[in-house]
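> There's a structure below that I have some questions on.
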Amino acid sequence: MNRIGAVEGLRAPDAGPRLPSPLSVPFLLIPDSVVSRLVAGVLNSMLAVQLREGELDFLRQRSLVIRVRDAGVSVYLTVSGQKLVATRPRATSDLGIEASLYDFLVLTGQQEDPDTLVFQRRLVMQGDTELGLEVKNFLDGLDVESLGLYRHLAPVLHRLLPVYKRVFS
């Protein structure tokens, strides 16, 4: 199995804004298990068709951790049956995806390309290379504009992100 890794301690000179430490405190008070269940629930609603059609079966019996660096939050997920479920933290996951809150928001709002963030070391993937490519290919092929929640979220992100950048840069 090929492994992809991160270069520790490196930060691109043009890295996006970071959530100030005092503002991360509320996130730190909520256990990762609760956040993982909430995120799994939202993703199950958004990706119900894709889950039902088996498009995320590559995550079955595999562990995915999504870390939001500056918020101190980690989300642990896998696929079981036809839904995403929260898992317990593991010493090592099959795939880890890590970025700042801002970088995840610009990805969600489709204002940045994931490859650009990877090359700038703002988005880091660690773990199984094949699984990382499957996740990337799934996301690249996903028609986010057809997702109901995205239609409501995109306009908010387009207004919020410039303010976020101005305030926290």
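> Please indicate, with yes or no, whether at least one residue in the range 15-30 is modelled with pLDDT of 95 or more and among the charged types (D, E, K, R).
No, the range 15-30 contains no residue that is modelled with pLDDT of 95 or more and among the charged types (D, E, K, R).
> Kindly evaluate Val106 against the criterion of being in contact (Cβ under 8 Å) with a residue 60 or more places away in the chain and either assigned to a strand (DSSP E or B) or surrounded by 18 or more Cβ atoms within 10 Å (Cβ to Cβ) (or both).
yes
> If I filter the range 60-100 down to residues being assigned to a loop (DSSP other than H, G, I, E, B) and either among the charged types (D, E, K, R) or under 11 Å from the mean Cα position of the chain (by Cα) (or both), which single residue comes out as surrounded by the most Cβ atoms within 10 Å (Cβ to Cβ)?
Ser100
> Consider the range 133-161. How many of its residues are out of contact with any Leu (no Cβ under 7 Å at 6 or more places or on another chain) and either assigned to a loop (DSSP other than H, G, I, E, B) or under 16 Å from Leu19 (Cβ atoms) (or both)?
4
> Separate question: Kindly provide the set of residues from the range 33-51 that are under 12 Å from Gly148 (Cβ atoms) and touching a residue at least 24 places away in the same chain (Cβ under 8 Å), ordered by number.
The answer is Val42, Ser45, Met46, Leu47.
> If Val167 satisfies all but one of (1) farther than 21 Å from Met46 by Cβ; (2) assigned to a helix (DSSP H, G or I); (3) touching a Lys or Arg at 6+ places or on another chain (Cβ under 8 Å), what's the number of the condition it fails?
(3)
> Could you look through the range 111-169, keep only residues that are among the basic types (Lys, Arg) and at pLDDT below 90, and pick out the one that is surrounded by the most Cβ atoms within 10 Å (Cβ to Cβ)?
Initially, the range 111-169 is screened for residues among the basic types (Lys, Arg), giving 121-122, 136, 151, 159, 165-166.
Next, from what is left, pick out any that are at pLDDT below 90: 136, 151.
Details: Lys136: 15, Arg151: 11.
Among those that are among the basic types (Lys, Arg) and at pLDDT below 90, it is Lys136.
> Taking the condition touching a residue at least 60 places away in the same chain (Cβ under 8 Å), assigned to a helix (DSSP H, G or I) and touching a strand residue (DSSP E or B) at 6+ places or on another chain (Cβ under 6 Å), does Gly127 pass? Walk me through it before giving the result.
On the way: touching a residue at least 60 places away in the same chain (Cβ under 8 Å): yes; assigned to a helix (DSSP H, G or I): no; touching a strand residue (DSSP E or B) at 6+ places or on another chain (Cβ under 6 Å): yes.
No.
The values are calculated or read from the model by the stated rules, or taken from the named source; none is laboratory data. Please read all numbers here as calculations on a predicted model, not as lab measurements. No Cβ is skipped: glycine too gets one built from the backbone with ideal geometry, and neighbour counts run over all protein chains shown.
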